[in-house]
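Shown next, in structure tokens, is the structure this report addresses.
The values are calculated or read from the model by the stated rules, or taken from the named source; none is laboratory data. All values derive from a computational prediction rather than experimental measurement. A quick note on method: Cβ atoms are made from the backbone with ideal geometry, for glycine too, and the neighbour counts reach across all protein chains shown. Side chains included, ligands, DNA and RNA excluded: accessible areas come from the protein's heavy atoms. Shrake-Rupley method; radii C 1.70, N 1.55, O 1.52, S 1.80 Å.
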Amino acid sequence: PAGKGTIEDNNTTPSLVGRVAYSPGEKVEIGVSGHHGPYNASAIEGLEVDESRDVTLFVIDAEARVGRATLRGEYAQAEVDVPTGFMGIFAESQRGFYAEAVVPFGAGWLASMPESGFAAVARYGRVDFNADVDGDSIGRLTLGANFRPHPDTAYKLDYQRTRERDGFNNRADSAAIVFSVASYF
């Protein structure tokens with residue numbers, strides 16, 4: 001809230017941010033995006049309090065329609081300039097990805113809700129919170145079904161299978177059934 005109405009940057013150095021997309025046809029899009037710039041305030045009211053520290057983000061994303069299915073995926077990587085005294089405590093390199101397929105079906109099955117439909121969803125995602133060491137990661141497979149009574153509302157039922165590794169590379173597996181509701185307004 002304190003930033004409202006001001007054009008001043010908290011670290012006086014703007015970041016470089018952008019995305020470029022290529023679409024060889026109306027059913028495919030591939031994008032590359034990035035961010036590079038400081039993340040900390042190195043000076044406060046003209047007094048230097050720290051070195052300027054940068055973060056660099058790189059992302060590749062894609063979406064394609066194959067028949068009735070929509071395929072999506074994304075890979076992201078972050079490189080963080082961590083202060084010397086905090087290396088080993090905070091990660092300097094992080095990365096993750098996801099791939100999913102969504103297949104709609106059942107449009108018009110409910111005459112009282114002409115805009116309604118269902119979708120089957122399969123998704124796998126993995127995040128490595130510290131790419132420089134083994135462990136500290138999460139991978140999850142999700143299989144689910146969605147019901148949309150209206151394009152702006154979704155009821156979702158998912159089965160999730162998760163494999164986690166802590167900072168010491170100890171493995172923990174879990175499973176869950178998740179019901180959720182989302183409304184976009």
May I ask you to list pairs of residues, at least six apart or on different chains, whose Cβ atoms are under 6 Å apart, with the first in the stretch 122-133 being within 15 Å of Val102 (Cα to Cα) and the second being part of a strand (DSSP E or B) and open to solvent by 40 Å² or more (accessible area, probe 1.4 Å)?
Ala122/Leu143; Tyr124/Ala99; Tyr124/Leu141; Gly125/Tyr98; Gly125/Arg140
Filter the stretch 151-185 for residues that are among the acidic types (Asp, Glu) and farther than 15 Å from Arg126 by Cα; which is nearest to the chain's Cα centre (by Cα)?
Asp158
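Residues are listed down the side, and each one gets a yes or a no for (1) surrounded by 13 or more Cβ atoms within 10 Å (Cβ to Cβ); (2) free of Cβ contacts under 8 Å to residues at least 40 places away in the same chain; (3) touching a Ser or Thr at 6+ places or on another chain (Cβ under 9 Å); (4) of a type in the set (D, E, K, R):
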{"site": "Ala91", "(1), (2), (3), (4)": "yes, no, no, no"}
{"site": "Ala111", "(1), (2), (3), (4)": "no, yes, no, no"}
{"site": "Ala120", "(1), (2), (3), (4)": "yes, yes, no, no"}
{"site": "Arg140", "(1), (2), (3), (4)": "yes, yes, yes, yes"}
{"site": "Thr153", "(1), (2), (3), (4)": "yes, yes, yes, no"}
Within the stretch 136-185, work out how many residues are part of a loop (DSSP other than H, G, I, E, B), of a type outside the set (Ser, Thr, Tyr) and within 30 Å of Gly108 (Cβ to Cβ).
3
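Yes or no, residue by residue, for (1) at pLDDT 95 or above; (2) open to solvent by 70 Å² or more (accessible area, probe 1.4 Å); (3) touching a Cys at 6+ places or on another chain (Cβ under 9 Å):
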residue: Glu48; (1), (2), (3): no, yes, no
residue: Gly73; (1), (2), (3): yes, no, no
residue: Ala76; (1), (2), (3): yes, no, no
residue: Arg126; (1), (2), (3): yes, yes, no
